[in-house]
Amino acid sequence: YRVAWSVAHMGQYFFNSLLISLCAVGLVTALGSMMAYGLTRLRFRGRGWVMGILIASLGIPGFLLVVPLFVMMKDWSLGGFNFMDSRTGLAVLYGALAIPFTTFLLSAFYRSLPSELAESAAIDGATPWQIFADIYFPLSLPGMVTAAIFNFLSTWNEYNFALIFLTNPEFKTLPVGLYNLKVSQEYAVNWPAMFAGIVILCLPTFLIFVALQEKIVAGLTVGAVKE
């Protein structure tokens, strides 16, 4: 484990994966919860089309997005900051790609909450933002935890986009670093270090499921049965 953590730079890769995953999860949870609330509780023209587009986008294979995303991120800059070859850029990309799934999951959760809460708050003069922030946001925490867990695991284990959009060795994520370790030892494999790296990669996933399995099941089954 010492060799894998320090010599093979698994410690740096672990930090990169953790930073990118947490930033992506925070971004998509905030945006996805607001979008899900707007699509389920606010009345406006075209919301059905928006939800349909989000659901349809879930069926688009990720490899079809590689070229357009690469061109966009290569040419896109914000205040002189280039999103290509950046941990921030990859976190934003992960967050954007996870918005459809998060919105779809939280929409089912918001539909299970009683609409009388919003109606009573509106009668008392609460704005839509106050209704969301003070009422629906606290009540939807179990669903947000479920969405956050699934999004964290998907970004933690993601390989293709991290390989393509991060070329700086210091920014490599754990899956890419583990594969690079395997390639570098093709003819003289240090199996203990290799399996130590695999354990480092899988351990957070295992601990999350063990510690939060009840919240995952509760969040997924909310709204499945009508009372």
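Just so it is clear, none of the values below were taken in a lab; they were calculated from the coordinates. Model, not experiment: these values are computed from the prediction. Cβ: placed from backbone, ideal geometry, glycine included. Neighbour counts: every protein chain shown.
Could you give the spread of the C-alpha atoms of the chain along their three principal axes, from largest to smallest, in whole angstroms?
Extents along the principal axes: 70, 42, 29 Å.
What list of ³J(HN,Hα) values in whole Hz, one per residue of region 130-135 in order, does the Karplus curve 6.51 cos²θ - 1.76 cosθ + 1.60 (θ = phi - 60°) give from phi, with Gly and Pro shown as x?
Along region 130-135, the couplings run 5, 4, 5, 5, 9, 10 Hz.
Please give the length that would be gained between ALA30 and CYS202 if that part of the chain were fully extended, namely 0.36 nm times their separation in residues minus their C-alpha to C-alpha distance (nm, one decimal).
59.3 nm
Count charges around ALA8 for me, please; just the other residues with Cβ under 12 Å from its Cβ, Lys/Arg as +1, Asp/Glu as -1.
Spelling it out: positives minus negatives among the neighbours equals +3.
Going by Cα centres, region 121-199 and region 97-114 are how many Å apart?
19
Check each of the chymotrypsin sites (Phe, Trp or Tyr not before Pro) in region 1-98 and keep only those in coil by DSSP with at most 14 other C-beta atoms within 10 angstrom; list them in order.
TYR1, PHE44, TRP76
Note down the magnitude of the dipole of the chain about its Cα centre, charges +1 on Lys and Arg C-beta and -1 on Asp and Glu C-beta and zero elsewhere, to the nearest 20 debye.
Dipole magnitude for the chain comes out near 240 debye.
Please compute the net charge surrounding ILE135, taking Lys and Arg as +1 and Asp and Glu as -1 over other residues with Cβ under 13 Å from its Cβ.
Around ILE135, the charge tally is -3.
Order of THR29, THR127 from fewest to most other C-beta atoms within 10 Å?
Arranged by neighbour count, lowest to highest, THR29, THR127 become THR127, THR29.
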